[in-house]
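Each remark here refers to the structure printed beneath this line.
The values are calculated or read from the model by the stated rules, or taken from the named source; none is laboratory data. Worth saying up front: this structure is predicted, and the values here are computed from it rather than measured. As a convention, Cβ positions derive from the backbone with ideal geometry for all residues, glycine included, and neighbour counts pool all protein chains shown. The area values use the complete protein model at the heavy-atom level, side chains included, leaving out ligands, DNA and RNA. Shrake-Rupley method; radii C 1.70, N 1.55, O 1.52, S 1.80 Å.
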Amino acid sequence: MNVLVIPSWYPNGTDKLMGIYHKEFTEALIKNNISANMLYIDRQRLNAPFKYLFMKKHELIHEEHYDVHITKMLDIHKISFNLEIKKYTRVLEASFLKYLKNNPKPDIIHAMVTIPAGYAACVIGKKYNIPVVVTEHASYFKRFFTGKNKKYGEYVLENSYFSTVSNYMAEEIKEISNIKCDVLPNLVETADFKAERKKIKDLKLITVAALRQGKRVDDIFEALKIITENYHAKNVSLTVIGDGFLEDYYKRRCSELNMDKYVSFVGRKNKYEIAELLKSHNLYVISSDKETFCISGIEALASGIPIVSTKCLGPEEYINEEVGKLIEVGNPEDMAKSIMEVYQNMDNYQISKLREVADQYSSKNIIKKATKIYKSLLK
């Protein structure tokens, strides 16, 4: 079977986490004996048109077992959204035809995110008689089915096997359309996080987040301040993994709360470095106002760490009392209380149970489901 993955996002810009999952999904397909490559349209901002004129428009990245074919185009959505979508679709088709000169016609096109990749992939799939799977990842996915987006979003629903990464998203799609919407969760290479653990006496918190709006990492700083002042906890620390355009803000906020001596910002890490850091911590915190899934939560469970998370939708599907606690968004007091409750009852959280939950989202299980979808379409 031959699959062409077409993502809306790819980690080659300033935000190196944006779209990293799509690479990992492609790699997982190959590990599970499915041939795959990626085709990506890189939309360059309109504020640097002269830079765009002189940049290389086509790029081929050779990964270990697959290729990423990148074509650059100028992003004109601020001038005209409709023209942007039409241009994106034309550029993608031209890139697809160029791809076919040196590669076999794909059996399946798997696009990530409804607009723009999902829509353009559906146009190509219909024209060249290729089944299309679209998986929605965006937290703001509802906007794809209203206003100026509506006709494009509806076209995708009508011309693809549509899926989302979370059950709550699938239920909301059903309110928009009566089409069948499946759930294809994000995958995690859980085996990479299952190192042997030693008991940690101190309270060592850890979080992984792109330091941008909506992650509310400063709520963890406030909870940490409450823990140090009201619960008189000693030897407590927080490690923040990640980077982003709000990094300076979060560091400044940490200093304003006098939490510098408790908090370490270690920057962006790859999954192997994250796995190593998780081994030396014993409680994971999710503070976001909304997450469609939160892969890092599954990585923490695979590592054998319980979680305190806000009720931010995606994580609510795999966090229960056996693996951690759920709290309201924007409530540092409740966060501090829940962190201390989990910490004081750490022996009640069985590593085997935490990992059992994580393994539901292992690459083997998720690719098995994806393969089932592909085979049903080829029939």
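Data overview
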| read-out | value |
| --- | --- |
| Solvent-accessible area, 1.4 Å probe, carbon plus sulfur percent, for the range 1-147 | 54 |
| Counted charge near Glu158, where neighbours are those whose Cβ lies closer than 13 Å (Asp, Glu -1; Lys, Arg +1) | +3 |
| Entries of Lys105/Lys375; Lys142/Lys353; Lys31/Lys105 with Cα pairs more than 26 Å apart | Lys142/Lys353 |
| The range 233-379 - percent of accessible surface contributed by carbon and sulfur, probe 1.4 Å | 44 |
| Surface accessible to a 1.4 Å probe, Thr89 within the full protein complex, Å² | 20 |
| Distance between the range 248-294 and the range 334-368 - C-alpha centres, whole angstrom | 18 |
| Dipole of the chain [Lys/Arg +1, Asp/Glu -1 at C-beta], most positive-end residue of His62, Tyr262, Gly242 | His62 |
| Low-density loop cleavage sites - GluC sites (Glu not before Pro) in the range 45-106, where at most 15 other Cβ are within 10 Å (DSSP) | Glu63, Glu64 |
| Degrees between helix 247-256 axis and first principal axis of the chain (Cα, 0 to 90, nearest 10) | 20 |
| Nearest-20 debye value, the chain charge dipole, Cβ charges on Lys, Arg, Asp, Glu | 1400 |
| Top of Ser255, Ser309, Ser163 by mean-square fluctuation, Gaussian network on the chain, Cα under 10 Å | Ser255 |
| Sum of -39500 (n - 2.57) over DSSP H runs of 4+, divided by residues of the chain (222 nm, nearest 500) | -11500 deg cm²/dmol |
| Spatial separation of Cα centroids for the range 115-188 and the range 57-93, in angstrom | 19 |
| Diffusion coefficient, µm² s⁻¹, Stokes-Einstein with Kirkwood Rh over alpha-carbon pairs of the range 275-379 at 20 °C and 1.002 mPa s | 147 |
| Whole-number accessible area per residue in Å² for the range 168-228, which is evaluated in the context of all protein chains at 1.4 Å | 46 |
| Amide hydrogen neighbours beyond the local backbone of Leu74, cut-off 5 Å, H modeled | Gln44 |
